[in-house]
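The structure under discussion appears below in the form of structure tokens.
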Amino acid sequence: LYLLISHKFHVLVGQLQDMLLPRGDSHKCLQSMAIIIGLLMGYYFVAFVLDKLGMVTPGTLTALITICGILLYQTLIDTAWDNYRTLQSYDMTEESAFSKIS
């Protein structure tokens with residue numbers, strides 16, 4: 001079970017890496033890294049403000065984590081979708097071994 005879950009996470013991380021940090025495209029890599037670093041800094045800033053205002057409660061944290069998760073997911077999808085779509089269309093156009101035989 002552990003090996004199966006580890007393998008699934010490894011495949012997922014590999015796909016995310018290919019979407020967010022495409023090989024051979026330094027500009028896209030730097031753009032993705034800047035967005036991710038900016039998001040993380042924003043999350044730390046919100047946590048700092050909540051701590052200073054004394055609003056760190058389980059309800060506040062649950063709402064914040066949910067909202068930040070949705071925003072992070074949307075940002076990742078918006079950033080990576082074009083690259084993922086081109087990777088998938090490239091994989092679909094490759095000839096399979098069976099088509100070469102016939």
Open item on the list: Can you tell me how many residues within segment 1-26 are basic (K, R) and either part of a helix (DSSP H, G or I) or surrounded by 11 or more Cβ atoms within 10 Å (Cβ to Cβ) (or both)?
Closed with: 1
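Against the definition (in contact (Cβ under 8 Å) with a residue 12 or more places away in the chain, in a helix (DSSP H, G or I) and open to solvent by less than 60 Å² (accessible area, probe 1.4 Å)), how does C29 come out, yes or no? If you could, list the steps in order and put the result at the bottom.
On the way: in contact (Cβ under 8 Å) with a residue 12 or more places away in the chain: no; in a helix (DSSP H, G or I): yes; open to solvent by less than 60 Å² (accessible area, probe 1.4 Å): yes.
No.
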Task: Filtered residue count, segment 32-47, keeping only those that are among the aliphatic types (A, V, I, L, M) and open to solvent by 70 Å² or more (accessible area, probe 1.4 Å) - done: 4
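The values are calculated or read from the model by the stated rules, or taken from the named source; none is laboratory data. Since we're looking at a predicted model, the values are computed, not measured. Backbone-built Cβ (ideal geometry, glycine too); neighbour counts: all protein chains shown. With ligands, DNA and RNA removed, areas are computed over all heavy atoms of the protein, side chains included. Shrake-Rupley method; radii C 1.70, N 1.55, O 1.52, S 1.80 Å.
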